[in-house]
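Read through the structure below, which is laid out as structure tokens, and then see the notes.
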Amino acid sequence: MDPRSEVLLRQADLFSGELLLAGLPADDLLGQLPNARGWSWHAGDHQRLQARFGDRCAFGVEPPSAPFEAAVLFLPKSRELTDYLLEALACKLAGRLIYLVGEKRAGIERAAKQLAPFGQARKLDSARHCQLWQVKVAHSPAPPDLERLAQRFSLPLIGGPLQVVSLPGVFSHGRLDRGTALLLEHLDDLPGGRMLDFGCGAGIVGSCLKRRYPESELILLDVDAFAVESSRLTLAANGLDASVIAGGGIDAAPRDCSAIVSNPPFHQGVHTHYEASESLLQRAASHLSPGGELRLVANAFLRYPPLIEASLGRCDTLQEADGFRIYSARRER
């Protein structure tokens, strides 16, 4: 059981009514709180929760339409995303209660100050290196407009400027990160056909691929619902057409790809996770056509070549710069 869930269950008498658990972990908390429903924006967690609890958990960037009497927000990493989520909950809970739970090392004490616009917050519990806070919504805001909260910026690229729409919580929110910038310099000579941008974020790489290979079928995939929506908005802002899907990892991707291009994630929240990236490297061959290519950027200290070579064979380093490396490997015909 996640320690944040354990803290909630210490106060289980507070959560007997119709409760919404926003950003909940994929543990047994819904099983312990039979009147609760879940709202997740992490496709992997949602898939695991749906397998156990069916339609008691919704997925997306907005709260589910089913009514609820109170809500618990599991603190996300992004301060901007926390602001949006609190507003999205508070606008539905005038005069009722919002709870905020999170780990101390994730900044729960700082985040508790974000409850102030809605009412007087108070700390209910501190255990398992976590804290639980409560606020009664005395000041209910208008429903937030997620698109108005987006950061929009333009990238001056060789093929013309690219308009980027970045929603709160998306990787490298509002800016171009160094790894992606390096990857954009190495998109030439990819085999055309069905191309996959794995871990698409705000859709920068995918949009560049579609502009460079307009005849190819392009699919963008991310685990995060806010990233999926950002990619859709970025594609639309540039007049580009591609498929954008949410999935918990490479297993959600189609087969027979001519190319998989990625700046794969290895961080989730305050913890370091390599599972999604390592699964990509280990199973890329099953999603590539014969002769298809995996091309990615990664921090230089990550030992990815042995994993790539075990799956695909020879792995070439196309460039190393700024602490990153560009790797390329092709599936044998």
Please determine, by comparing only the residues of segment 1-28 that are among the polar types (S, T, N, Q) and not in a helix (DSSP H, G or I), which one is least open to solvent (accessible area, probe 1.4 Å). Q11
Which residues, taken from segment 54-64, are free of Cβ contacts under 8 Å to residues at least 40 places away in the same chain and not basic (K, R)? G54, D55, C57, A58
Note: among G102, G31, just one is in contact with a Lys or Arg (Cβ under 9 Å, 6 or more places away or on another chain), at pLDDT 95 or above and surrounded by fewer than 18 Cβ atoms within 10 Å (Cβ to Cβ), namely G31
Anything in segment 27-69 that is under 15 Å from the mean Cα position of the chain (by Cα) and either basic (K, R) or over 18 Å from L97 (Cα atoms) (or both)? List them, or say none. S40, W41, H42, A43, G44, D45, H46, Q47, F59, G60, V61, E62
Segment 174-197, residues that are touching a Cys at 6+ places or on another chain (Cβ under 6 Å) and either at pLDDT below 95 or open to solvent by 30 Å² or more (accessible area, probe 1.4 Å) (or both): R194
Could you please give the count of residues in segment 147-173 that are in contact with a strand residue (DSSP E or B) (Cβ under 6 Å, 6 or more places away or on another chain), within 20 Å of F324 (Cβ to Cβ) and without any contact (Cβ under 8 Å) to a residue 60 or more places away in the chain? 1
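So, in segment 119-144, of the ones that are part of a loop (DSSP other than H, G, I, E, B) and of a type in the set (A, V, I, L, M), which residue ends up surrounded by the most Cβ atoms within 10 Å (Cβ to Cβ)?
Among those that are part of a loop (DSSP other than H, G, I, E, B) and of a type in the set (A, V, I, L, M), it is V137.
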Which condition number does I245 fail, the rest of (1) in a strand (DSSP E or B); (2) crowded, with 18+ Cβ neighbours inside 10 Å; (3) under 16 Å from the mean Cα position of the chain (by Cα) being met? (2)
Restricting to segment 65-98, name every residue that is free of Cβ contacts under 8 Å to residues at least 60 places away in the same chain, open to solvent by less than 10 Å² (accessible area, probe 1.4 Å) and among the aromatic types (F, W, Y). none
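V165 - would you say it is closer than 30 Å to M1 by Cα and surrounded by 14 or more Cβ atoms within 10 Å (Cβ to Cβ)?
No; evaluated as a whole, the condition is false for this residue.
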Scanning segment 280-314 residue by residue, the ones that are farther than 14 Å from R333 by Cα and either open to solvent by 20 Å² or more (accessible area, probe 1.4 Å) or among the β-branched types (V, I, T) (or both) total 13
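Which of the residues spanning segment 315-333 are in a loop (DSSP other than H, G, I, E, B), open to solvent by 40 Å² or more (accessible area, probe 1.4 Å) and more than 14 Å from N263 (Cα to Cα)? Lay out the reasoning, then the answer.
Our first condition is that a residue be in a loop (DSSP other than H, G, I, E, B); within segment 315-333, this holds for 315, 322-323, 331-333.
If we keep only those that are open to solvent by 40 Å² or more (accessible area, probe 1.4 Å) too, we end up with 322-323, 331-333.
Across segment 315-333, the qualifying residues are D322, R331, E332, R333.
Would you mind stating whether A116 is without any contact (Cβ under 8 Å) to a residue 24 or more places away in the chain, hydrophobic (A, V, I, L, M, F, W, C) and open to solvent by 40 Å² or more (accessible area, probe 1.4 Å)?
The answer is yes for A116.
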Criterion first (closer than 16 Å to V205 by Cβ, in a helix (DSSP H, G or I), within 22 Å of the chain's Cα centre (by Cα) and free of Cβ contacts under 8 Å to residues at least 40 places away in the same chain) does L281 satisfy it? no
Looking only at segment 311-329, which residues are touching a helix residue (DSSP H, G or I) at 6+ places or on another chain (Cβ under 7 Å) and either among the hydrophobic types (A, V, I, L, M, F, W, C) or under 23 Å from R194 (Cβ atoms) (or both)? S311, L312, C315, A321, F324, I326, Y327, A329
Out of A43, A71, which single residue is over 23 Å from G199 (Cβ atoms) and of a type outside the set (D, E)? A71
(1) open to solvent by less than 20 Å² (accessible area, probe 1.4 Å); (2) in contact with a Gly (Cβ under 7 Å, 6 or more places away or on another chain): which one isn't true of A276, the others all being true? (1)
Can you tell me which residue within segment 198-234, out of those that are acidic (D, E) and surrounded by fewer than 23 Cβ atoms within 10 Å (Cβ to Cβ), is nearest to P265 (Cα to Cα)? E217
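The values are calculated or read from the model by the stated rules, or taken from the named source; none is laboratory data. What you see is a predicted model, and the numbers here were worked out from it, not measured in a lab. Neighbour counts are summed over all protein chains in view; Cβ atoms, including those assigned to glycine, are modelled from backbone coordinates with ideal geometry. The area values use the complete protein model at the heavy-atom level, side chains included, leaving out ligands, DNA and RNA. Shrake-Rupley method; radii C 1.70, N 1.55, O 1.52, S 1.80 Å.
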